[in-house]
1. May I ask you to list the residues in the range A:139-160 that are modelled with pLDDT of 95 or more and among the charged types (D, E, K, R)?
2. Taking A:GLY420 as meeting all but one of (1) surrounded by fewer than 24 Cβ atoms within 10 Å (Cβ to Cβ); (2) modelled with pLDDT of 95 or more; (3) within 14 Å of another protein chain (Cβ to nearest Cβ), write down the number of the exception.
3. Please state which one of B:PRO91, B:PRO142 is part of a loop (DSSP other than H, G, I, E, B), within 20 Å of B:ALA175 (Cα to Cα) and not hydroxyl-bearing (Ser, Thr, Tyr).
4. Is it true that some residue in the range A:331-339 is in the same structural domain as A:THR359 (by TED's automatic domain parsing) and touching a helix residue (DSSP H, G or I) at 6+ places or on another chain (Cβ under 7 Å)?
5. If you scan the range B:294-304, which residues turn out to be surrounded by fewer than 24 Cβ atoms within 10 Å (Cβ to Cβ) and under 18 Å from B:VAL278 (Cα atoms)?
6. If you check B:THR369, B:THR359, B:THR307, B:THR317, which single one turns out to be touching a strand residue (DSSP E or B) at 6+ places or on another chain (Cβ under 6 Å), surrounded by fewer than 24 Cβ atoms within 10 Å (Cβ to Cβ) and closer than 30 Å to A:LEU361 by Cβ?
7. Given the structure, is B:LEU97 in contact with a Pro (Cβ under 9 Å, 6 or more places away or on another chain) and modelled with pLDDT of 95 or more?
Number of protein chains: 2
Amino acid sequence: MSPLPVESMDRYLQENLPASIEELKRLVAQKSISAQNLGLKECAELVANMLEKRGFHVKVNPTAGAPIVTAERKGRSDKTLLFYDHYDVQPPEPLELWLSEPFQPEERDGMLFGRGVSDNKGNIVNRLFAIDSMLDALGELPCAVKFLIEGEEEVSSANLEEFVFSHQTELKADACIWESGGVDQNDVPTQYLGLRGICYVELEVETASMDVHSGLGGTIFPNAAWKLVWALHSLKNEKEEILIDGFYDDVLPPSQEDLEFFKAMPDAAQDYRTRFGVKEFLQGMQGGFELNLAEAYKPSCTICGLTSGYQGKGSKTVLPARASAKIDFRLIPDQKPHRILELLRRHLDAHGFQDVKITDLGGEAPSKTSASHPFVQLVVDTAKEVYGVPMQIVPLSGGSGPNFIVQEALHVPIASLGAGYPGTGAHSPNENIRIADYLKSAQHIVRVLDAFGKD
Amino acid sequence: MSPLPVESMDRYLQENLPASIEELKRLVAQKSISAQNLGLKECAELVANMLEKRGFHVKVNPTAGAPIVTAERKGRSDKTLLFYDHYDVQPPEPLELWLSEPFQPEERDGMLFGRGVSDNKGNIVNRLFAIDSMLDALGELPCAVKFLIEGEEEVSSANLEEFVFSHQTELKADACIWESGGVDQNDVPTQYLGLRGICYVELEVETASMDVHSGLGGTIFPNAAWKLVWALHSLKNEKEEILIDGFYDDVLPPSQEDLEFFKAMPDAAQDYRTRFGVKEFLQGMQGGFELNLAEAYKPSCTICGLTSGYQGKGSKTVLPARASAKIDFRLIPDQKPHRILELLRRHLDAHGFQDVKITDLGGEAPSKTSASHPFVQLVVDTAKEVYGVPMQIVPLSGGSGPNFIVQEALHVPIASLGAGYPGTGAHSPNENIRIADYLKSAQHIVRVLDAFGKD
C-alpha cells in the first residue's frame, strides 16, 4: 500500500532538511540591506533562480527602488494562493554583538544564525521546501501558487503600492499567506491577523555651519542637540502620552472579539524579562492581558536612534551644529501615516520648532483580517496535526508591513505562518531560527496547500 | 654700531620663520589625542627633545596618564618665568570636513592647517622660536625660564593637580604665561585674565540587555533614548535656565572693573555670524556687551554629543537598549566642579532618573588674575611695539583650563599670549594659524622676556 501523500511529503521534508538549510544559507550569504541599498538586485536574481528551479514562471520587475520578484505556477485546482515575502533584511549593526558573522550563516545547537534567517529569507526558502515536497509526491501542486517577493519591506515598501495596484490581474488570488509567523514561548503556533501601521521619520536640526568650541558658543549660540531634545520632549511625556494634537483622533477601540483573543494569549512577561533583560514594563504593567494588548493594540512614538556631536571615547568640548533623531510611530486602525506626518509638522511648528526638518522615511497603514474568515480557520485548524494544537489567534501584531496594500488592492483574506519563535531576534544581533521549527513550518504549509486545493 | 638686541632678534625671527614652521609641522604630525590615548608618550619625547636642543634641563615625568614634560634653563636675572602649555590635541573628527589631512600639516594662503597648529602645539614651538632668537643674540636668556607641558589638557588635566602640588619647589616661578592667546577680529591682541571652570560628564541609560524590534517593544518596554531625552530636558529649559537645584548658588557677579573691560571689547556678532554660520544668538542677544559678557561670564550646560540606537542611513525599526549624552558645564567664580557633580546626582535622583549613570570625565575650577597686577601690565604694554596697540583685557574667557591649579599651587600671576586669531578653529575641522600672527607672537614673547629680565 502506497503511503498517503502527506506522509510521503513529511518523509521528503525530513530527508531533505539539510539540503534546504544549505539553500537558505546561500540566500542569507547574499547581502540585501535595503536601508543601505546593498546587494538588492543580486538577491532578487538569486530568489528568481530559486523559483525557476521549481518550475515557476518568474518575473524580476524593476521599480524605482529594489526589484519586485513575481512568480506563478498552476496547480490541480483553479484556486490561487498568494505568498507575500521579502528578500531584503535589516542592517546587521551593532556588529560587535554578533557571535558569528551575520552574512556567514552558522549552525549551532540546533539553530541557524545569520541576518535574515528568520526575517524573511528563512520563510522564503521554507515555502519552496514545502513546494518541493508536494512536487515530489504529486508531480504537481494542489492549487495555483503565486509569489510576490519585494526588496524594500524593511524600509516601508516604498514601491510596493504602485506595483500591486498596477498588477492586480497578474496578482489575483483567493487568499494570501503573509511573510512570517511561528510559535510563542509555549511552542503554540500563532496566527497574526493584522499589523500595526507605521510612520517613520527622521528629525533634523542644524543651528550653525560648523561645530564650535563649547567654551566659546555654549552660552551664546543655539545648540542643535538641545533643540532636538526639547523638540522630542514635546512629542511624548514620561507617562507615555503622545502629545501631538489630534494623534489619537482616528484610533478605534478593539472589538469584543479582539479583546477575547488578547485575553486568551499566554503571559509573555517572564519570557520578555529573560530574553531582553528588561527589568520593568512601562506604566507599571505586570504582564498578561494588559501587556499583550498594549504590545499590539496601542499606537507608539519610539526613538529608534539619536545622533549629535562627539560620540567617541572620553570628552570633546564641542557645541554640535547638527543633531538628528529617527522616530517610528506605530499606528492602529484607523490611523493613517500621511495624517500623522501632517499632525507632526503642525505640532512642531506650533511649539516653536519650525526649524526642525522632517524627512519621511516611509509609512504604512494598519490592516486586519477577520478571525471568522474561512481561510483563517483553514490555516488555524491545519496546524493541529503538526503542532498538536490549533493556532492561537492574535488579532493584531505589534509589527508593521505592507499587508494593507495587498488587502486593499487584491481584496484577499490574509493569514500568516512561518518558522519563527520568540527568541528569533529579528532586527537584532544573532538573529536565528530553530531548525525544528523550520521543519514544522514546512509541514504546516504542505497541509495548508493540500486543504486549500481540496476546499 | 651694532644693532640693538631686540632688532637683532626680530631679524633672526624673520629669517628663521620657515625653519620654525617646519619644526611645528613635525610636532603636529606626531598624533597626540588624549581623548583616545593615542601617541601621547611619543609626543612627550618629541617635545622633550625640542627643549633639550635649546639647552634646557628636561624631565619627562610619568603620571597615571600622559607624561608631563618639565624643563628649566637659567638666565641673566634670577627671576623666573613659567610657560604652561600642553602637547595633546582634540580628536580630529569629523574627518570628512577637513580640506587637508589633520595630521599632515599644510600651508595654504599664508596659513598653516592641521590639528594642534593653534591649540597648543603652535604656541609651544612659538615660545621655543622666541627663545632661539634670544640665545642667538645674547648667548643666554634674560631671565630663568621654566616649562610645564602636560598631555591631558583636552581631557581636563586629570593628573596635573597632583603633579604641580608635589613639585612646587621645582616649578617655583615669579609669573606664568598661559598656553594661548592671539588677536581678535580687528587684529587687536587680547589678554585673557581667567578661564571658566568645567565639569564634563557622560550620562548613560541602559534599559535592556539588547536592542529590541520597535514593533514589539515600543509600547511596553522602557526606551533608553526616551529616558535620556526626559532626563536631559529636566536639566535645562528652552529659556536656557539650568534647572539643577543650587546650580547658581556659588555664582559671583562680575566686578565693576570687569564689566568695564567687557564693555570695552569690540562687537563679535558679525564675525560669529560669518564664521560659524549662526543665524541668531540665544535669548535674542544682538551682540556687543551683552554677547561678550554672556560668552564668558555665564555658566553653561552644553550637550556635546548624543548617541543611541540606529544612526546609519535610512530607517531601522529598533528600540534602543542604551543611550548616552556628553555634557559640559562651564563654571564661573566661585562654582566648583565637584559640587556641580553632587548637585547633578541629587537632581537626577529627585526627578526619577536614579537609573541615569553619571561618569565624571573631568573637572576644573574657574580662576582669574587681577588686571591690576604689574606682570599683567608688562605683558599688555609690551604688545604695543609689535601690534601697534596694547593688549585688550578680557577678564574671563569662555574656555577652561587648569590655570586654577597653577594659581593655587604656585601663587603666581598668570597672563596669556599666543599665535591664535578668531578663525583659528581650535577643536574644529581645518584648525589653522596665520603665519604672520605666528611671527608677531614670537616677537611679543621676546619683548616680555626682555622686560621681565630687566624688571
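The values are calculated or read from the model by the stated rules, or taken from the named source; none is laboratory data. Quick caveat: nothing in here was measured; it's all calculated off a predicted structure. Here Cβ is always computed from backbone atoms with ideal geometry, including for glycine, and neighbour counts include all displayed protein chains.
1. Within the range A:139-160, A:GLU140, A:LYS146, A:GLU150, A:GLU152 qualify.
2. Of the numbered conditions (1) surrounded by fewer than 24 Cβ atoms within 10 Å (Cβ to Cβ); (2) modelled with pLDDT of 95 or more; (3) within 14 Å of another protein chain (Cβ to nearest Cβ), the odd one out for A:GLY420 is (1).
3. On the way: B:PRO91 fails: within 20 Å of B:ALA175 (Cα to Cα).
Testing whether each residue is part of a loop (DSSP other than H, G, I, E, B), within 20 Å of B:ALA175 (Cα to Cα) and not hydroxyl-bearing (Ser, Thr, Tyr) leaves just B:PRO142.
4. So in the range A:331-339, the residues in the same structural domain as A:THR359 (by TED's automatic domain parsing) come out as A:331-339.
Right, trim to touching a helix residue (DSSP H, G or I) at 6+ places or on another chain (Cβ under 7 Å) and you get A:331.
Yes, the range A:331-339 has at least one match.
5. Result: B:ALA294, single match.
6. The match here is B:THR307.
7. No: the conditions fail for B:LEU97.
To keep it simple, each residue is scored yes or no on (1) touching a residue at least 24 places away in the same chain (Cβ under 8 Å); (2) assigned to a strand (DSSP E or B); (3) within 14 Å of another protein chain (Cβ to nearest Cβ).
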position	(1), (2), (3)
A:ILE21	yes, no, no
A:ASN49	no, no, no
A:THR63	yes, no, no
A:ASP85	yes, yes, no
A:GLU96	no, no, yes
A:GLU107	yes, yes, no
